[in-house]
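The structure appears below as structure tokens.
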Amino acid sequence: MSFTVAAESPLSDDVRALVQALNEFTYGLTPAEHRHHMTVEQMAEPDTTLFVARDEQGAPLGMGALRRHANGVGEVKRMFVKPEARGLGVGGAILARIEDLARQEGAARIVLETGSNFDAAKRVYERGGFQSCEPVLDYPPSAWTAFYAKSLSA
């Protein structure tokens, strides 16, 4: 299956449906106090760029966002690939677009927080060159979270 990845507004109905699918997925795996979700409205703020993967017919397959922080730090947020599109390279392609944009904008480092039991997501990040690290930004450490970072310096 071929697909494209492009920056889009998170405010469309089909992206809202992706966000809802991601939320439902995480609800079953992570206690509420350990979820760090952004709403679609937060994703539409100027500090965040959302990338959406779509199939040849334009149906959304997955998404991921770059959120910009101070001191040259970019954060990967809201990564999700629909179950039927997993294993096709969608997550890696979205992650590459996020990283490319962070590099273009001069970010020195890109970080993320994910569920400690999200094994498929952790494999995507590790294949993308991310390394497990201590807690990042202002996220508290917990048994439910895993943290990753990647230097973008030359």
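The values are calculated or read from the model by the stated rules, or taken from the named source; none is laboratory data. Fair warning: this is a prediction, and the values are worked out from it, not measured in the lab. Methodologically, a virtual Cβ is constructed for each residue, glycine included, from the backbone with ideal geometry; neighbour enumeration extends over all protein chains shown.
Out of all the residues in the range 11-22, which are over 13 Å from the mean Cα position of the chain (by Cα) and not basic (K, R)? Correct list: L11, S12, D13, D14, V15, A17, Q20, A21.
Tell me, which residue of the range 123-144 that is over 26 Å from P83 (Cβ atoms) and surrounded by fewer than 13 Cβ atoms within 10 Å (Cβ to Cβ) is modelled with the highest pLDDT? Out of the qualifying residues, it is Q131.
Contact annotation: residue pairs with Cβ atoms under 8 Å, 6 or more positions apart or on different chains, pairing a residue in the range 8-22 that is within 14 Å of G64 (Cα to Cα) and in contact (Cβ under 8 Å) with a residue 24 or more places away in the chain with a partner that is of a type in the set (K, R) and in a helix (DSSP H, G or I), are P10/R16. Selection within the range 108-120: residues that are closer than 16 Å to M38 by Cβ and of a type outside the set (V, I, T). The member of this set that is surrounded by the most Cβ atoms within 10 Å (Cβ to Cβ) is L112. Every test in (1) within 20 Å of A53 (Cα to Cα); (2) out of contact with any Phe, Trp or Tyr (no Cβ under 6 Å at 6 or more places or on another chain) is passed by Y125 save one, and that test is (2). Taken over the range 1-28, the criterion of being closer than 13 Å to V40 by Cβ and surrounded by 18 or more Cβ atoms within 10 Å (Cβ to Cβ) is satisfied by P10, V15, L18, V19, L22. For the range 29-44, residues that are surrounded by 15 or more Cβ atoms within 10 Å (Cβ to Cβ) and modelled with pLDDT of 85 or more total 4. Within the range 103-140, being under 17 Å from M79 (Cα atoms), polar (S, T, N, Q) and not in a strand (DSSP E or B) holds for S116, N117. Looking only at residues in the range 38-95 that are in contact (Cβ under 8 Å) with a residue 60 or more places away in the chain and assigned to a loop (DSSP other than H, G, I, E, B), the one that is nearest to Q20 (Cα to Cα) is K82. Considered as a group, the residues in the range 82-122 that are out of contact with any helix residue (DSSP H, G or I) (no Cβ under 9 Å at 6 or more places or on another chain) and of a type in the set (S, T, N, Q) include one that is modelled with the lowest pLDDT, and that residue is N117.
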